[in-house]
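Colleague: Before I ask anything, here is the structure I am working with.
The values are calculated or read from the model by the stated rules, or taken from the named source; none is laboratory data. The shown structure was predicted, so the numbers you read here are calculated from the model rather than taken from an experiment. Here the Cβ is made from the backbone with ideal geometry for all residues, glycine too, and neighbour counts use every protein chain on show.
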Amino acid sequence: MIHMRYLQLLKLASPEAVVVLTALVVLSIGLLAKRATFACAFVAGLGLVCAIVAVLLLPDDETLFGGMLVISPLTSLFKITCLALAFFTVLLTGGEKVPRHPGEYLALILLATVGLMLLVGSEELLMIFIGLELLGLSLYVMTAFDKTDVRSAEAGLKYFLFGSTASAFTLFGISLLYGMTGTTGLAAIATRLATTSIQPLLAVAIVMTLVGFAFKIAAAPFHLWAPDAYQGAPVPSAAFIASGSKVASFVVLGKIVLIGFAPAQGSAGWHSMAAGWSPVLAALAALSIVIGNLVALAQSNVRRLLAYSAVAHAGYTLIGFVAGTREGFSAALFYTTIYAVTLIGAFAVVGVVRRETGGDDFSNFSGLASRSPALAGSMAVFMLSLAGIPPLAGFFGKFYLFSTALQAGTNQALLWLVALGLVGSFVSLYYYLLVLKAIFVDVPSLSGAESMRHAPSDFLQCATVTVLAAVVVLLGVIPNVLASRILGAVP
Amino acid sequence: MTAMIAWTIYLTLGGAVLLLVLPRSFARWIALLTTIAGFGLVTAAFVTTPIASLARFTTIVRVPWVPALGMNYHLALDGVSLIMVLVTGISAVSTVLFSWDVEDRQNEFFFWLLLVVAGCYGVFLSADLFLLFVFYELVIVPKYFLIAIFGSTNKEYGAMKLTLYSFFGGMFVFVGILVAYVSGGSLDLNQLSQFEFSPQLQSWAFPVLFLGFAVLAGIWPLHTWAPTGHAAAPTAGSMLLAGIVMKLGSYAGLRVAMNLFPQGFQMWSKWIAVLAIIGIVYAAAVALRQRDLKFVIGYSSVSHMGFVLLGLATANAVGVSGAVLQMFSHGVIAALLFAVAGRMIYRRTHTRQLDALSRMNLSHAMPFAAFTFVVAAAASMGIPGFSGFAAEITILIGAWKIYPLAVWISGVGIVLVAAFTLRALKLSVFGEQAPRDEVTKETVVNREEFTPITIPEKIGACMLMLSTVAVGIYPKLLLDRIIPAVESMRFLR
């Protein structure tokens, strides 16, 4: 029995502890005062800021209980990223029509954030699974939170059914792995696997473990929940699913495949396919890019379009993992981070438009440029960044991702995947331009303009959106700020 | 002074940002002052930079950008880029002058316009592959908005077609750049042009990269975006598109594709020549049958860009220098033609149909417009004394050395160019006076309502006409700067 030093544990887990405490405080405020939306949001935001400070105070390198709690530059960086994304999500809730239980909603966001931090800060399969479930359960409730909207309930149920099935697969995969190696620590698994060849049981274990994560990052063919969740969930929930949940899942997926399954990488090169996780991820990536982009072409609802484009973006990001190098990992993390920032911004705009016009179809966006130039300009930044147009962050992300993928194999073995990714982003440009066409070119129909409830655009919302747009532009112009940090943190 | 040329980019971008924050009453003045300042900087650099230093691609600015990936913010200048920057400066000023009448969403209009100009300056000055691509793609999205918001005739279709074609090319360019970067291990154009890529790689990377760029230069059969896009665009849009943006493709093809993959270029040059010649003749023949004045000019642009590509494909100093001269010449002439067709004539007659125009007898109604059109047409046909002649003759001399047959065929093209230009000229401004009894009331009213040609239009037109005449009479002014720079490029050594 290891002698536990509780004080040290508390010190190292202080960010998580701060967030949990905040969640409890917010919950009790919500219980005591019925309409304390602002107070709840303020406390939640404050708690997240405190947690960021706590992360900054953590030591550089520390590992507890065989990887259950790992403190490293990488985990600290992404804990901060997740906390910041949660902070922006909390800002988004400020603009929503007063939810019936603001305290509970915000507490759920905070609990989901704890899940994110556990996922990011662990290199042990059981702990990862706990984080996954904590995150998942909070998100299911957050998705179904709008009781007045039947779509929200439908989305929540779909998300829950798919999610629990995927979790079951992952748990089964983990148990197989444990059976084969006798351990759940990622580093220990790697050393055991190094001595064994790829046998059918290992292949099954790897594929099953990956299913749960493919579900979380909405990679095809495990993406079926995404369109409904993105469209039906309350806007902040959808933003959180698209940003924080994705970032953390990519971080942990990267750790699992690159640390835990390192000996079973295989190869995804066109002429040199070899069994392992790399061809599995390559297949997921290719499928996601094709399906996501093609189906997105046919959408007329902005949120659904964002959902299918999210599938495609998951595909691009996976290319970085398929490369299997340190640079590939950091490129994927860079890409998913800027993607998350972009999507929170895009959802913030969707939220405002939804409140002002009562919907989020293309027609609701028409004429946004004349109603609110700041929102329209920001949305242009987000959409063009997603499409990978320089000088925005998305372009640098794609360049970084694709160049590391080409560098990985000998003789540009991954060129086929890169070419697919480029074709995909060419296709994506069309539907992103359709959104921008609605905003900048189309004239709103008269009836639409009349029925528009002129809710005054919330200053806080506009400021949030503008800040996010500025971040996307800045990360495109000076990507080094983030890229070098991530590259330095990746082991 | 040479180093100051980098400020063309910053000033133009700064002007664009100013447009976002200042009220609309300042918009056109900001745009005008910004472009004039840019043009002033370019002229100063043109005059003060010693010709000897233009032979090599000399660094102006070099700042580490993303050290981990070897990206630098790296600008450089040689004779070729100086000429391209010069034509950008000229076109930019005249474009703003010809957009003086834009009333609707002024700030937005000039914002997009300045972004295009800044991107063009950037491409011509970039010495880093990544930076070049950033500026290259930066140009495309503003074009979409310029056309889709401010255009005419079928604008949304034209804008989307143009944008998708451009990005289709951009996709190939992206692949080419990635491959060059990954195998060459650098993004610095000067370093990469020293690197020996394997012939096997060059044989496929060159066509991918070159064709990607050539889409923007309107290479046959990927040219169809150009006429629709030009016709749909607002006057300023067509002037910039035909004047500068199409040159981005040919310039980058020369600077990047040909310079990086010389062996690949040798393998494919005759196929490029074939495509170029088809483009010259085909586009000219199509232009002969157009009824819309802007479509005529749109196809003429494709035909003229065919000469640029032919010049590049000759792979000798004379031909390539001629191609660069033709890029300058066509930049000025196309801007002039579109200014006449889109602003001077269409704004007043509200039609671009040649049949309708031929009944208006515009040479009497708008003598200045008619005069400008005659000068532009003469320059476009390659009449000696205008820049078009100097450029095309240089290209043909270069081509004669290696593709004598091509010269004969493009001779047919030149005849066709003359034919459609004269036809358009005759129908649009020298239409026969309709018999007195057939003069409908409508046309008479129209003619009297034509507002006189405004001062900004006159200044803009004079600027462009002066440039084409000056270069036509004394091409040495530009060729002295172009030839050494071209001769120092790798595929000639």
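Colleague: Have a look at A:L132, A:L126 and point out the one that is buried (at least 24 other Cβ atoms within 10 Å of the Cβ), of a type in the set (A, V, I, L, M, F, W, C) and in contact (Cβ under 8 Å) with a residue 24 or more places away in the chain.
Modeller: Values: A:L126 fails: buried (at least 24 other Cβ atoms within 10 Å of the Cβ).
After ruling out the rest, the residue left standing is A:L132.
Colleague: For region B:91-202, give me every one of the helices (runs of 4 or more DSSP H) that falls completely inside it and has 3 or more residues that are closer than 17 Å to B:A252 by Cβ, modelled with pLDDT of 90 or more and aromatic (F, W, Y). If you could, list the steps in order and put the result at the bottom.
Modeller: Numbers: elements: B:106-125, B:129-138, B:140-150, B:155-184, B:189-192.
Hits in region B:91-202: B:129-138, B:155-184.
Colleague: May I ask you to say which residue of A:G232, A:G266 is touching a helix residue (DSSP H, G or I) at 6+ places or on another chain (Cβ under 6 Å) and at pLDDT 85 or above? I'd like the intermediate steps shown before the answer.
Modeller: Working: A:G266 fails: at pLDDT 85 or above.
Just one listed residue meets the conditions, A:G232.
Colleague: Output the qualifying pairs, or none if there are none: Cβ atoms under 6 angstrom, residues six or more apart or on different chains, first residue in region B:319-346 and modelled with pLDDT under 90, second residue surrounded by fewer than 24 Cβ atoms within 10 Å (Cβ to Cβ).
Modeller: So the pair list comes out as B:Y346/B:R352.
Colleague: Checking A:S138 against (1) surrounded by fewer than 24 Cβ atoms within 10 Å (Cβ to Cβ); (2) out of contact with any Phe, Trp or Tyr (no Cβ under 7 Å at 6 or more places or on another chain), which test does it fail?
Modeller: For A:S138, the failing item is (1).
Colleague: Which is among the small types (G, A, S), crowded, with 21+ Cβ neighbours inside 10 Å, over 21 Å from A:P391 (Cβ atoms) and at pLDDT below 90, of A:A483, A:A438?
Modeller: On the way: A:A483 fails: over 21 Å from A:P391 (Cβ atoms).
From the options A:A483, A:A438, the qualifying one is A:A438.
Colleague: Only one of (1) closer than 26 Å to B:E457 by Cα; (2) without any contact (Cβ under 8 Å) to a residue 60 or more places away in the chain; (3) in a helix (DSSP H, G or I) is not met by B:T351, so which one is it?
Modeller: (3)
Colleague: For the subset of region A:182-235 comprising residues that are charged (D, E, K, R) and within 21 Å of the chain's Cα centre (by Cα), which member is farthest from A:V295 (Cα to Cα)?
Modeller: Of region A:182-235, the ones charged (D, E, K, R) are A:192, A:216, A:228.
In the following step, the residues that additionally are within 21 Å of the chain's Cα centre (by Cα) were identified as A:216, A:228.
Values: A:K216: 19, A:D228: 14 Å.
Only one residue tops the list, namely A:K216.
Colleague: Taking region B:136-155 as the search range and keeping residues that are farther than 21 Å from B:T351 by Cβ and touching a residue at least 60 places away in the same chain (Cβ under 8 Å), which one is nearest to the other protein chains (Cβ to nearest Cβ)?
Modeller: First pass over region B:136-155, keeping only residues farther than 21 Å from B:T351 by Cβ: B:136-146, B:148-149.
Among the residues that remain, those that are also touching a residue at least 60 places away in the same chain (Cβ under 8 Å) are: B:136, B:139, B:143, B:146.
Numbers: B:Y136: 8, B:V139: 10, B:K143: 12, B:L146: 11 Å.
Filtering region B:136-155 for residues that are farther than 21 Å from B:T351 by Cβ and touching a residue at least 60 places away in the same chain (Cβ under 8 Å), the one nearest to the other protein chains (Cβ to nearest Cβ) comes out as B:Y136.
Colleague: Just need a number here: residues in region B:1-30 that are farther than 27 Å from B:G79 by Cα and among the aliphatic types (A, V, I, L, M).
Modeller: The number of residues fulfilling the criteria is 9.
Listed here are the residues, each with its yes/no results for (1) among the hydrophobic types (A, V, I, L, M, F, W, C); (2) outside any helix (DSSP H, G or I).
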| residue | (1), (2) |
| --- | --- |
| B:V332 | yes, no |
| B:G342 | no, no |
| B:P384 | no, yes |
| B:G398 | no, no |
| B:A419 | yes, no |
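Colleague: Return the residues of region B:11-42 that are closer than 13 Å to B:L115 by Cβ, surrounded by fewer than 19 Cβ atoms within 10 Å (Cβ to Cβ) and not hydrophobic (A, V, I, L, M, F, W, C); say none if nothing qualifies.
Modeller: Of everything in region B:11-42, just one residue is closer than 13 Å to B:L115 by Cβ, surrounded by fewer than 19 Cβ atoms within 10 Å (Cβ to Cβ) and not hydrophobic (A, V, I, L, M, F, W, C), namely B:G14.
Colleague: It is to be established whether one or more residues within region A:360-383 are closer than 14 Å to A:S425 by Cα, in a helix (DSSP H, G or I) and not β-branched (V, I, T).
Modeller: Our first condition is that a residue be closer than 14 Å to A:S425 by Cα; within region A:360-383, this holds for A:383.
Going one step further and asking which of them are in a helix (DSSP H, G or I), we end up with A:383.
When the remaining residues are screened for being not β-branched (V, I, T), the result is A:383.
Looking for residues that are closer than 14 Å to A:S425 by Cα, in a helix (DSSP H, G or I) and not β-branched (V, I, T), one finds at least one in region A:360-383, hence yes.
Colleague: Can I ask one more? Inside region A:372-381, can you point out the residues that are touching a residue at least 40 places away in the same chain (Cβ under 8 Å), out of contact with any Cys (no Cβ under 9 Å at 6 or more places or on another chain) and surrounded by fewer than 24 Cβ atoms within 10 Å (Cβ to Cβ)?
Modeller: Step one: list which residues in region A:372-381 are touching a residue at least 40 places away in the same chain (Cβ under 8 Å), which gives A:372, A:374-381.
Adding the requirement that they be out of contact with any Cys (no Cβ under 9 Å at 6 or more places or on another chain) leaves A:376-377, A:379-381.
Correct list: A:A376, A:G377, A:A380.
Colleague: Now for a separate question. Restricting to region B:273-298, what's the tally of residues that are part of a helix (DSSP H, G or I) and surrounded by fewer than 24 Cβ atoms within 10 Å (Cβ to Cβ)? Spell out how you get there, then give the answer.
Modeller: First, pick out the residues of region B:273-298 that are part of a helix (DSSP H, G or I): B:273-287, B:293-298.
Going one step further and asking which of them are surrounded by fewer than 24 Cβ atoms within 10 Å (Cβ to Cβ), we end up with B:274-275, B:278, B:281-282, B:285-286, B:295.
Of the residues in region B:273-298, 8 are part of a helix (DSSP H, G or I) and surrounded by fewer than 24 Cβ atoms within 10 Å (Cβ to Cβ).
Colleague: Name the residues in region B:174-184 that are in contact (Cβ under 8 Å) with a residue 24 or more places away in the chain and either at the interface with another protein chain (Cβ under 10 Å from one of its Cβ atoms) or farther than 18 Å from A:K398 by Cα (or both), would you? Please lay out each step first, then the result.
Modeller: Taking region B:174-184 as the starting set, the residues that turn out to be in contact (Cβ under 8 Å) with a residue 24 or more places away in the chain are B:174-177, B:179-181, B:184.
Correct list: B:F174, B:V175, B:I177, B:V179, B:Y181, B:G184.
Colleague: Quick check on region B:38-46. Is at least one of its residues assigned to a loop (DSSP other than H, G, I, E, B), more than 14 Å from every other protein chain (Cβ to nearest Cβ) and more than 26 Å from B:W112 (Cα to Cα)?
Modeller: Step one: of region B:38-46, the residues assigned to a loop (DSSP other than H, G, I, E, B) are none.
So far as region B:38-46 goes, no, none of its residues is assigned to a loop (DSSP other than H, G, I, E, B), more than 14 Å from every other protein chain (Cβ to nearest Cβ) and more than 26 Å from B:W112 (Cα to Cα).
Colleague: Also, quick follow-up: I need the full set of residues from region B:53-73 which are within 27 Å of the chain's Cα centre (by Cα) and free of Cβ contacts under 8 Å to residues at least 60 places away in the same chain, in order please.
Modeller: B:S53, B:T58, B:V61, B:Y73
Colleague: Out of everything in region B:57-78 that is of a type outside the set (A, V, I, L, M) and assigned to a strand (DSSP E or B), what residue ends up being farthest from the other protein chains (Cβ to nearest Cβ)? Don't jump to the end; show me each part of the working.
Modeller: Initial filter on region B:57-78 (of a type outside the set (A, V, I, L, M)): B:57-59, B:62, B:64-65, B:67, B:70, B:72-74, B:78.
If we keep only those that are assigned to a strand (DSSP E or B) as well, we get B:58-59, B:62, B:64-65, B:72-74.
On the way: B:T58: 25, B:T59: 20, B:R62: 15, B:P64: 8, B:W65: 7, B:N72: 11, B:Y73: 10, B:H74: 15 Å.
Ranking the candidates gives B:T58 first.
Colleague: Give the residue that is nearest to B:F130 (Cα to Cα), with candidates limited to residues of region B:203-222 that are part of a loop (DSSP other than H, G, I, E, B) and not β-branched (V, I, T).
Modeller: For region B:203-222, the residue satisfying everything is B:A217.
Colleague: Looking at B:P227, B:P199, B:P221, which is the one that is over 18 Å from A:L429 (Cβ atoms), over 20 Å from the mean Cα position of the chain (by Cα) and away from every other protein chain (no Cβ under 14 Å)? Give the steps one after another, and end with the answer.
Modeller: Numbers: B:P227 fails: over 20 Å from the mean Cα position of the chain (by Cα); B:P221 fails: over 20 Å from the mean Cα position of the chain (by Cα).
That would be B:P199, the only listed residue that is over 18 Å from A:L429 (Cβ atoms), over 20 Å from the mean Cα position of the chain (by Cα) and away from every other protein chain (no Cβ under 14 Å).
Colleague: Same structure again: Which residues, taken from region B:185-196, are more than 10 Å from every other protein chain (Cβ to nearest Cβ) and either surrounded by 20 or more Cβ atoms within 10 Å (Cβ to Cβ) or under 26 Å from B:V245 (Cα atoms) (or both)?
Modeller: The answer is B:D188, B:L189, B:N190, B:L192, B:S193.
Colleague: Another one. Criterion first (in a loop (DSSP other than H, G, I, E, B), modelled with pLDDT under 90 and in contact with a Lys or Arg (Cβ under 9 Å, 6 or more places away or on another chain)) does A:P391 satisfy it? Show your work before the answer.
Modeller: On the way: in a loop (DSSP other than H, G, I, E, B): yes; modelled with pLDDT under 90: yes; in contact with a Lys or Arg (Cβ under 9 Å, 6 or more places away or on another chain): no.
For A:P391, the condition - in a loop (DSSP other than H, G, I, E, B), modelled with pLDDT under 90 and in contact with a Lys or Arg (Cβ under 9 Å, 6 or more places away or on another chain) - is not met.
Colleague: Considering every residue within region B:100-107, establish whether at least one is aromatic (F, W, Y), farther than 22 Å from B:L240 by Cα and touching a residue at least 60 places away in the same chain (Cβ under 8 Å). Write out each step before concluding.
Modeller: In the first step, residues of region B:100-107 are kept if they are aromatic (F, W, Y); the result is B:100.
Then keep just the ones that are farther than 22 Å from B:L240 by Cα; that gives none.
The answer is no, given that none of the residues of region B:100-107 is aromatic (F, W, Y), farther than 22 Å from B:L240 by Cα and touching a residue at least 60 places away in the same chain (Cβ under 8 Å).
Colleague: Residues that are farther than 26 Å from A:L125 by Cβ: list the helices (runs of 4 or more DSSP H) wholly contained in region A:213-274 that include at least 3 such residues. Show your work before the answer.
Modeller: Values: elements: A:226-232, A:235-242, A:244-255.
Per the criteria, A:226-232, A:235-242.
Colleague: Keeping to region B:347-379, report how many residues are at pLDDT below 85, of a type in the set (G, A, S) and touching a Gly at 6+ places or on another chain (Cβ under 6 Å).
Modeller: Of the residues in that region, 1 qualify.
Colleague: Now, a different point. Within region A:382-435, count every residue that is surrounded by fewer than 24 Cβ atoms within 10 Å (Cβ to Cβ), touching a strand residue (DSSP E or B) at 6+ places or on another chain (Cβ under 9 Å) and facing chain B (nearest Cβ under 9 Å).
Modeller: 0
Colleague: Going through A:T464, A:T410 one at a time, which residue ends up being modelled with pLDDT under 90 and either closer than 30 Å to B:L201 by Cβ or assigned to a loop (DSSP other than H, G, I, E, B) (or both)? Please lay out each step first, then the result.
Modeller: On the way: A:T464 fails: either closer than 30 Å to B:L201 by Cβ or assigned to a loop (DSSP other than H, G, I, E, B) (or both).
Only one candidate passes the filter, namely A:T410.
Colleague: Right, something else. Would it be correct to say that B:A205 is in contact with a helix residue (DSSP H, G or I) (Cβ under 7 Å, 6 or more places away or on another chain), within 13 Å of chain A (Cβ to nearest Cβ) and over 25 Å from B:T59 (Cα atoms)?
Modeller: Details: in contact with a helix residue (DSSP H, G or I) (Cβ under 7 Å, 6 or more places away or on another chain): yes; within 13 Å of chain A (Cβ to nearest Cβ): yes; over 25 Å from B:T59 (Cα atoms): yes.
Against the criterion (in contact with a helix residue (DSSP H, G or I) (Cβ under 7 Å, 6 or more places away or on another chain), within 13 Å of chain A (Cβ to nearest Cβ) and over 25 Å from B:T59 (Cα atoms)), B:A205 qualifies.
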